[in-house]
Amino acid sequence: MTQPAPVHTPATADPPYLRGLNEAQREAAMALDGPVLVLAGAGTGKTRVLTTRLAHLIASRKAWPSQILSVTFTNKAAREMIHRTGELIGGMVEGMPWLGTFHSIGAKILRRHAELIGLKSNFSILDVDDQLRLLKQVIEAARIDDKRWPARHLSSLIDSWKNRAMTPKDVPAGESFAYGNGKGAELYEAYQQRLKALNAADFGDLLLDVITILKTHPEVLQEYRNRFAYILVDEYQDTNVAQYLWLRLLAGERRNICCVGDDDQSIYGWRGAEVDNILRFERDFPGAKIIRLERNYRSTPHILAAASGLIAANKSRLGKTLWTELGDGERVSVKGVWDAEEEARQIADDIEQVARNRQKISDIAILVRASFQMRSFEERFVQLGIPYRVVGGPRFYERQEIRDALAYLRVVVQPDDDLAFERIFNKPKRGLGDAALQSVHKMARALKKPLFAAADALIQTDELPSRARSALRDLVQSFKRWRDQATALSHIELAEIVLDESGYTAMWQADRSAEAPGRLENLKELVRSMEEFETIESFLEHVSLVMEIEQSDTTDKVTIMTLHGAKGLELPTVYLPGWEEGLFPSQRTLDENGLQGLEEERRLAYVGLTRARERAKISYAANRRVHGMWQSAMPSRFIAELPPDAIVLESDPGLPYGNSNLSTAPQFDSGYSSPGWQRAQARRGETFGSRPAIDGHAELVATSDPDAATYQRGERVFHQKFGYGRVTAIDGNKLTVSFDKAGEKRVIANFLARA
C-alpha cells in the first residue's frame, strides 16, 4: 500500500537550498507539477538543479522520499545525488529506495513480479561472459557455423533489439536476416527460453521484462503509477527506446515527470541512445514546460561562442545559446601541422613548457576521436618523461589486441618465447583447447624444450586427436614460413602477413561488437608505427623498453582519453587533435548513419570544446599515413563552421587554412560517401516509420512516400544500409530486393532510392 502524499504547507521565506540559484535554475527546481524538460547546457549547473529539485520535493513535503522515482545512468551519479541532497536539507536522506540506475531499479521491480514473466525472484543476472557462453550453446544447438556467425555478433543484435524493446516476435524479418541467414529472431527466442530455464536474465531483460509486465498486467502498472508521485530523470538525451517506453508507462496520468538533459550532448547513438526521445518531449507530454539553462559557469566566452557556432549547424536540436559572465579569455586555437608525429611533438613541447614553468600538467587533457591516435602522444611523452594517464582504457601497448599481435611477432623472432606462444596458441580459435595445450606442456617437459619445439615434435606423433593435430601443424608451419619470409620481406610487410594469415585480423573483422572497429584501427596503427624502425627486432626492443617504464606515482599527469569518454570532464586546457575529414567526422559513421551520424559527430565536437575552461586548442594534420601510404588529409568541415571571431588560426601559410582565414574552406554538401545515399536522403523528407507500441498502439512518425508503389520489378535501387540491389518482388509498399552484397531483403519502398 502506498503512502499518501503529505500536505504541502507553503513556506514564508525562501529555504537556504534555493539561495544562490540563477533565475532559470530556480524555475527548474521549483516547477514541481506536470511535465518539465530542463535543457541543461554544458557547465550550467545541471547537477545542482537536480539535487535542489529533489531537496525541494522532500523539504516542502510534496512527497515522501519513497514516492520519488529518480533515475540516473551510473551508480556514482546516484550516490552523489543522495549525498548532495542531504547536504542541502541538513542531513542524510533516508528512505530513497527508488533512486538509482535504470537497471538497478528495473531489477528491483522485476524481482517483485518475476513470476509474471516466468522467473523466480532469486533469478541470476548474467554478465557479458556468461551471456556469450550461453549464446554459443544456442548457436551450436542450431548447427550454425560459429566462425562465420560469431556469438558476439548475435549478442550485439540481441542487445540492440532489447534496447528497442523488441521481443523475439517483434524482430522484423529483414533484421533477423542479419544473422544465420534469417535465423536471428529464432535464436533470440531460443536464447530467451534458455534464460528462463536457468532462472536468469541479462541486463537487457531488466528493462524489457518490466515493460512486458507493465503492458500486460494493468494492475501492476497502476500500482507503480500510484506509488511514484514524482519522476526525475538525469541525462535524458542518452535514453534508448526501452528506457523511453519504461518512463512513459510509469509517468501515467499524473505526468509529474521532470527530464534533465542536453540534446546537444547526445553522443551515444552507437550504443542505442535515441536523441529523438528528448526532441519529442513536447509531443509526448503536451503542455510541458521547457526550461533552458544557458548560463555557463565553466568556460570563457570565446570557447562558448566557438561551441555554439559549431552546434548551430545541426538541424535536429531544440536550440539554446550558452553565455557567461566570465572574462573573454583566449580565442580557440586552430593549428595545422604537417603530420601526426609533428602534431604530437608540438603538443608535447607545449606541455613540457608548462611543466618547466612549474604549472600543473594535470590541468591538461588531450581528447582524441579514435583510440589509435593515442600512440603517438604516449611515445612522445615517454621520450620526454612527461607523466600521463590514459582514462577509459589501458595504454596503447597494453591493449589486448596489441599484446596479441606483439606475441605473434615475438614468436616469429624468438621461437623459445613460451609466454608469447602460449598467449596466441588458440587465438583466434583454431580448435586447440586446454587439453591440447596441456599435451604440448607435457611434451616440453619430457623433451626439456620450449613450447614451440615441443609442438613441432608433438605433431609427428598420434598424441593429439586428428583435428587438433592438423590445427597445430598449420600453426607450426605458419611460424616456420613467416620466419623464412622475414629475410626477404620488410618487417612491415611481414607484420601485415602474420596478422592476415594467422586469422587474427579476420577475427576482429567478424566481431560485431562496438569495440571491434577501434581494435582494428589500433592494429593498423601498430603496423604503421613500425616504419620508424629498421628491423622487427629493434621495434620489439623499443616496445619492451616503453612497457618497462613505470608511470611515476605523482598525481600530476596529463590526461589522454577519447571524446566519448570525456563527457562530464572539465579542465583548464584541452587539446583536440585530429580534426580532419574521415577521422573527425568519422567516415565510417557518415557511411553507416548519414546525416544522423554527421550530427552526432558534430555534437561530439561540441562536447570536446565545452570541456575546456580557459583554453581549447584544435589541431589537424595535412598528411597521415594510412596502411603505410601517405595520404593528404582535408581539415574537418567542423573547423570551417567555427565562428571566425572566436578562433585564431596558427597554421603555416603552405597548409590548408594557413592564410589566416577560412576563405579556402571547402564547401561540403550532405557529406555522404555515395551518390546513391545522397539521392536516398533527398527522398526522405517524409518517410513512413514507427516506434514500438505503447498500450498496443504504434506511433506513426510521418506519412508514406507518394512514390512508394512506383518501382518496377528488375529496377536497380539503393538502400542506406544494404547498398545497391535489384527489385525482385513487389507487395504494396513492401519490396523484395536482391542486394549485391547483403543478399535478399524485404524493405519498405520509402527507404529506397533509384540507382
Number of positions in the range 723-753 that are open to solvent by 40 Å² or more (accessible area, probe 1.4 Å) and either of a type in the set (K, R) or not in a strand (DSSP E or B) (or both): 8
Filtered residues of the range 122-137 (kept if open to solvent by 30 Å² or more (accessible area, probe 1.4 Å) and at pLDDT below 90): N122, S124, I125, D127, V128, D129, D130, R133
Test: L604 is part of a helix (DSSP H, G or I), open to solvent by less than 10 Å² (accessible area, probe 1.4 Å) and at pLDDT 95 or above: yes
Candidate set: the range 224-235, residues that are within 30 Å of K567 (Cβ to Cβ) and in a loop (DSSP other than H, G, I, E, B); chosen: the one farthest from the chain's Cα centre (by Cα): F228
Subset of the range 458-477 (residues that are open to solvent by 30 Å² or more (accessible area, probe 1.4 Å), assigned to a helix (DSSP H, G or I) and within 14 Å of Q438 (Cα to Cα)): R469
Subset tally (residues that are open to solvent by less than 50 Å² (accessible area, probe 1.4 Å), over 25 Å from V38 (Cα atoms) and of a type in the set (K, R)) for the range 300-334: 0
L583 vs. criteria aliphatic (A, V, I, L, M) and either under 24 Å from L304 (Cβ atoms) or surrounded by fewer than 22 Cβ atoms within 10 Å (Cβ to Cβ) (or both): no
Breaking point among (1) over 23 Å from K429 (Cβ atoms); (2) surrounded by fewer than 16 Cβ atoms within 10 Å (Cβ to Cβ); (3) of a type in the set (G, A, S), for A453: (2)
Only one of E80, E140, E115 that is open to solvent by 30 Å² or more (accessible area, probe 1.4 Å), under 27 Å from G568 (Cβ atoms) and not β-branched (V, I, T): E80
Number of the exception - W270 against (1) within 20 Å of K567 (Cα to Cα); (2) assigned to a strand (DSSP E or B): (2)
Test result for L250, within 24 Å of the chain's Cα centre (by Cα) and not β-branched (V, I, T): no
Yes/no for T554 being open to solvent by 10 Å² or more (accessible area, probe 1.4 Å) and at pLDDT below 90: yes
Filtered residues of the range 418-434 (kept if open to solvent by less than 70 Å² (accessible area, probe 1.4 Å) and touching a residue at least 12 places away in the same chain (Cβ under 8 Å)): D418, A420, F421, I424, F425, K427, P428, R430, G431, L432, G433
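Given the residues V737, V701, which is the only one that is at pLDDT below 75 and not charged (D, E, K, R)? Before the answer, list the steps.
Numbers: V737 fails: at pLDDT below 75.
Within the list V737, V701, the selection yields V701.
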Residues of the range 169-179 satisfying the condition of being assigned to a helix (DSSP H, G or I) and of a type in the set (G, A, S): A173, G174, S176
Sole exception among (1) touching a residue at least 60 places away in the same chain (Cβ under 8 Å); (2) touching an Asp or Glu at 6+ places or on another chain (Cβ under 9 Å); (3) outside any loop (DSSP other than H, G, I, E, B) for L88, by number: (2)
Unmet criterion (only one of (1) surrounded by 22 or more Cβ atoms within 10 Å (Cβ to Cβ); (2) part of a loop (DSSP other than H, G, I, E, B)) for P286: (1)
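One line per residue, one yes/no per condition, for (1) in contact with a helix residue (DSSP H, G or I) (Cβ under 6 Å, 6 or more places away or on another chain); (2) farther than 23 Å from R271 by Cβ; (3) open to solvent by less than 60 Å² (accessible area, probe 1.4 Å); (4) assigned to a helix (DSSP H, G or I):
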residue: N181; (1), (2), (3), (4): no, yes, no, no
residue: E189; (1), (2), (3), (4): yes, yes, no, yes
residue: L195; (1), (2), (3), (4): no, no, yes, yes
residue: L206; (1), (2), (3), (4): yes, no, yes, yes
residue: V210; (1), (2), (3), (4): yes, no, yes, yes
residue: K215; (1), (2), (3), (4): no, yes, no, yes
residue: E219; (1), (2), (3), (4): no, yes, no, yes
residue: Q222; (1), (2), (3), (4): no, yes, no, yes
residue: L249; (1), (2), (3), (4): yes, no, yes, yes
So N181, is it over 28 Å from Q509 (Cβ atoms) and either in contact with a Cys (Cβ under 7 Å, 6 or more places away or on another chain) or modelled with pLDDT under 95 (or both): no
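The values are calculated or read from the model by the stated rules, or taken from the named source; none is laboratory data. All values derive from a computational prediction rather than experimental measurement. Neighbour counts run over all protein chains shown; Cβ positions are idealised from the backbone, glycine included. These accessible areas exclude ligands, DNA and RNA; they are computed on the full protein's heavy atoms, side chains included. Shrake-Rupley method; radii C 1.70, N 1.55, O 1.52, S 1.80 Å.
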